[in-house]
Structures are given as C-alpha cells and as structure tokens.
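Read the figures in this text as sums done on the coordinates, not as results from a lab. Quantities reported herein were computed from a predicted structural model and do not represent experimental measurements. Here the Cβ positions follow ideal geometry from the backbone for every residue, glycine too, while neighbour counts run over all protein chains shown.
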Amino acid sequence: MLALVNADTAAAFSWEPIAAVIGVLGLVGVGFAVATYFRQFPKRELRYRTSTQKLVASSLPAGTVSVSVHGVPLADPYITIVTFTSASRADIPSSSFDALKPIEVRVDRDAVLLEATAISPNLVGFDGALAPGTTYSQFDVPPQLVHPGASGAATFVTSGRPEVDVTATLIDIKIRTETPELDAQRERRAALWAATIGALASAIAGALTTLATLLWP
C-alpha cells in the first residue's frame, strides 16, 4: 500500500531541536570530563619565595646604625625571609617526601635564624634549627602533612647579601620558586582558564535558550 505523507506535516519536521539537544549534551559532557579530571588528578605543588633586604643603607655615615648578633657587629647586615606556600588542591602527605628527606634550605654563609613560624592555620613546619657551617648554613622543612594553602616562613640575618638554595626530593610534587615573571605567567593562565570557562558556560546557556525556543516557540 502506498502511504501518502501530508506536505504540511513533512515541512513541520525539523532537525534543529535534535541538533540543539546534541550540542547541549556535548557541552555538558566536556564540562563533566574537565571536572572529573581535576578531581581525579588534583594539582600538588609547593612554592617558595625569597625576600632579602639590606638593613643599613649604604648612604648612612659609618657608625650611625649598627646591627650586632651575640654582641658581634655585622659589617653588612641583611635580613632574609624564605616563605613556603602550598599551591595544591589536595593534601601533600608526609610520604611524598622521598625517603623521608626534608626540604633543605641552604645559605651560602653563616646565618642567624631569628624566627621560623607558621603564618597560616595549616602550617608548613620548620625544624627551627639553623646550624652554622664553614661554607654554608642550613635549615630544614621536615616531612609532614601539608594542607592546601598551608604556609610558613623562616627569617634570618647574614653579613653580606646571601644566596639561598632550596633542595627538595618530593615524589610527583612540583616545587617552584616564585618570581614576578612566574607570577605574571600564572595570572595569564588563570585569566585564560576563566575566559574558557566563561565561554563554555555562555555556549551552554545559548544552546539551552535555542532549544527552548525550538521546543516551545
């Protein structure tokens, strides 16, 4: 039997709603995949920043200001602050310290540790011991559980501008020094991610609007 199709009915059919549904599902799928990836593979990273400042300006006349340690004047006193911060989205377990080795902070000259403290509730703890050596001084960040956002700092003084070297053997954990250049790069990446997420959200909203218009004209 030959079936006759009403021309008006055929003309009324449109693939646009189906395409809109597929588009929405695709965008939602992309968003879900990204969220799942970040949940399964959270970033774990430690950052450190070194700030050094001369305590006595060279322009001052000799003898105007003096800095002494244990009664011994420092010829060219500097104060240095080394700050560690967790930039992680998940805890860094103590087992991530390879062979339970601490993070070593070495100074290329004798130094006197003034303070080693936490500067946030979830601390990065220091052992508080700075052992003077013949060629360098050292203090350690011992193996510990480090929470996201944890931060801690050590402050010490030296005679002469020091060079600070950080040695860490963390398993699958990045440790990076913070500099103005790296700060700018991170800001650009954050802006790119924000723009990408905004574009994805806008696309989903547009697809939903289109779908609603097609289904309920």
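Excluding residues on the same chain fewer than 8 positions from Lys54, give the lysines whose Cα lies under 16 Å from its Cα.
Leaving aside lysines fewer than 8 places away in the same chain, none come within reach of Lys54.
Taking 0.36 nm per residue of separation and subtracting the Cα-Cα distance, what length does fully extending Gln53 through Arg176 add?
Answer, rounded to one decimal: 42.1 nm.
Tell me the net charge near Ile173. Cut-off is 14 Å between Cβ atoms, Ile173 excluded, with +1 for each Lys or Arg and -1 for each Asp or Glu.
For residues surrounding Ile173, the net value is +3.
For Ile79 and Thr169, calculate 0.36 nm times their separation in residues minus their Cα-Cα distance, and state this gained length in nm to one decimal.
Contour length minus Cα-Cα distance gives 29.7 nm.
Ranking request for peptides 100-110, 137-147, 53-63, 167-177: highest mean number of other beta-carbon atoms within 10 Å first, then the rest in descending order.
137-147, 100-110, 167-177, 53-63
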